Amino acid sequence: ELGYAGGETILKEYVREIRPRPARRPALRFETAQGVQGQVDLSPYELELGGVLTSVVCFSFVLAWSRWRFFYFVLHADCFTVMLCHRLAFEELGGVPSEILYDRMKQVVIAVVDGEPVLQDDFARLVNHYDFRVRVLESGYKEGKGKVEKPFQDVETFLDHHTFHSLDDLNAQAFAWRRDELHVTPHRTTDERPCDRLLSERPFLSDLPDHPFRCEQRQRAQTGKHFHVEYRGRFYSVPPQFADRWVTRCLLNGRLWVEVDGEVISEHELRDDDPKFVTLPEHEAAFREMGARRKGTRKAFVSMGPAAERFAQGLDRAQGGASTYHMAQILKLVTRIGHKRVLDALRYATGYEAFNHTAVLRIARARRIGGTASIGEAAIEPPSDAHRPPRTPDSQAPLDDGEPSGQDVQRSLDRYAALIREKSKASAEREDEHGK
């Protein structure tokens, strides 16, 4: 009935003053000896990078005794990227503390059983590599790692007073800020400069392993005929000569790269927007150039004559996309042994369905430049369609040795000679029958 005629803001401020406050959980300040403990935490921020509002995550590592601090900004806070941040911190520090304190970060800990943390499998590899112990705080007890929580206030001040063009620029400025300001300014608790205390603490750290830890996520993947590798519904290009083969796909800190036999053949920034196919300009240009070369190779090959054209058709059926490679190898053979001898070998290869360049080479070696050869006692001529024996479902191609047709099979020269003699003998017997 009396009501309240005042404003809502004044009422809220009044209630805030008279509301009973919960008792704060007591916290005991503790200090650790030199080289014993580091503390790690993550904090998200939104800031402009090159004029674009971007979400980033700050990885913070503090060496407890000296208060030496390491900050590194990333776009993704997955387990592999967090492991990378650890490696960078250890390498800059020049050593590893005996233990590192975490809250229940999902990138590190799956669960805590009987007071002992159960680590993520990948993170356990990092722990074993650098040989440190993982300590995990009780849930909600952030006061236990105040040494790494409070520096985020300094990070916010740093971000508010600087402009950044890119993520690399952000990390470069953060490094200079730590080196030129944070580490040379006396700490409010120790009243000493972190850079001076680090000189005393570093001998107590464990040495780095002989080789760096590999943080990236590595998986086998297939590029497919479109020379792209798939990741999360998007396709990233590789050079077109690596189409339709198995490669190693590597992922780390928003980057994807592809390796073949340990060599990087392609690098991309991960995309979460259109287009679905991400093709680098140099890969597209190489594909167009390769297509032009293939057309030129095929045109040059079939221009040798009908025998070459028939062989090309069989080559397409047997070798598919690799047919132009075989054509190119046969064209090289023309410059070595001559046009006539190659055509002669192509006729034989077509008759025996030996559709690969090595078979053509072997047949050519068994022939004389004149077009016929005496291998043993029989004169040999290419088999004609009229004399070719009919194929049955159970029959094998004369050159197959029981292997699937079209495979690039290495055969001895004696094998070719024997097959040609056998074919010529059968042809001669049929001619005798016709004569009778």
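Values in this text are rule-based calculations from the coordinates and carry no lab data. Just so it is clear, the model here is predicted, and its values are computed rather than measured. Reconstructed Cβ throughout: ideal geometry from the backbone, glycine too, with neighbour counts over all protein chains shown.
Here are some notes:
- Odd one out for LYS106 among (1) more than 30 Å from the chain's Cα centre (by Cα); (2) assigned to a loop (DSSP other than H, G, I, E, B); (3) among the charged types (D, E, K, R): (1)
- So THR297, is it among the polar types (S, T, N, Q) and within 15 Å of the chain's Cα centre (by Cα): no
- The lone criterion from (1) part of a strand (DSSP E or B); (2) surrounded by fewer than 19 Cβ atoms within 10 Å (Cβ to Cβ); (3) in contact (Cβ under 8 Å) with a residue 12 or more places away in the chain left unmet by ILE100 is number (2).
- Flag if GLY94 is out of contact with any helix residue (DSSP H, G or I) (no Cβ under 9 Å at 6 or more places or on another chain) and not aliphatic (A, V, I, L, M): no
- Subset of the stretch 103-121 that is surrounded by fewer than 16 Cβ atoms within 10 Å (Cβ to Cβ) and touching a residue at least 24 places away in the same chain (Cβ under 8 Å) - its residue that is nearest to PHE213 (Cα to Cα): ARG104
- Inside the stretch 220-242, residues that are more than 16 Å from ASP261 (Cβ to Cβ) and either in contact (Cβ under 8 Å) with a residue 60 or more places away in the chain or of a type in the set (S, T, N, Q) (or both) make up a count of 3.
- Residue that is farthest from GLY320 (Cα to Cα) [pool: residues in the stretch 350-365 that are touching a Lys or Arg at 6+ places or on another chain (Cβ under 8 Å) and not in a loop (DSSP other than H, G, I, E, B)]: ALA364
- Residue that is surrounded by the fewest Cβ atoms within 10 Å (Cβ to Cβ) [pool: residues in the stretch 71-92 that are touching a Leu at 6+ places or on another chain (Cβ under 7 Å) and of a type in the set (A, V, I, L, M, F, W, C)]: LEU75
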